[in-house]
Amino acid sequence: MRARPPDDEDALLDAVERAFDAGDAARALDTAEQATRTHPDSVPARHYRAAALLQLGRVDAAKEAYDALV
């Protein structure tokens with residue numbers, strides 16, 4: 001099995017999921033933001049970013065991020 005490049009969308013989304021599983025919303029946000037920068041049309045990356053913002057208590061920013069998804 002070949003290693004995926006660090007900016008691979010699936011690799012980034014896997015890293016976000018691992019951060020959420022570890023209870024690390026700040027790391028999830030950082031990684032989701034990296035994913036949205038490298039893959040701006042990725043709905044999962046944008047959703048994870050919004051979810052991380054919400055978990056961090058940044059409700060207004062999370063609402064804006066969720067609103068941008070629809």
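The condition (being free of Cβ contacts under 8 Å to residues at least 60 places away in the same chain, open to solvent by 70 Å² or more (accessible area, probe 1.4 Å) and either hydrophobic (A, V, I, L, M, F, W, C) or out of contact with any Asp or Glu (no Cβ under 6 Å at 6 or more places or on another chain) (or both)) is satisfied by just one residue among D14, D60, D24: D60.
Evaluation of Q55 against the conditions (1) more than 13 Å from A15 (Cβ to Cβ); (2) of a type in the set (S, T, N, Q); (3) open to solvent by less than 50 Å² (accessible area, probe 1.4 Å) shows that the sole unmet condition is (3).
Please indicate, with yes or no, whether at least one residue in region 41-48 is out of contact with any helix residue (DSSP H, G or I) (no Cβ under 8 Å at 6 or more places or on another chain) and open to solvent by 60 Å² or more (accessible area, probe 1.4 Å). For region 41-48, residues out of contact with any helix residue (DSSP H, G or I) (no Cβ under 8 Å at 6 or more places or on another chain) and open to solvent by 60 Å² or more (accessible area, probe 1.4 Å): present. The residues of region 4-30 that are at pLDDT below 95 and in a loop (DSSP other than H, G, I, E, B), listed by number, are R4, P5, P6, D7, D8.
Being more than 11 Å from the chain's Cα centre (by Cα), at pLDDT 95 or above and in a helix (DSSP H, G or I) is a description that applies to D67.
The values are calculated or read from the model by the stated rules, or taken from the named source; none is laboratory data. Since the structure is predicted, the reported quantities are computational estimates derived from the model, not experimental observations. Every residue, glycine among them, receives a Cβ derived from its backbone with ideal geometry; neighbour counts consider all protein chains shown. Surface accessibility is based on the protein's heavy atoms, side chains included, excluding ligands, DNA and RNA. Shrake-Rupley method; radii C 1.70, N 1.55, O 1.52, S 1.80 Å.
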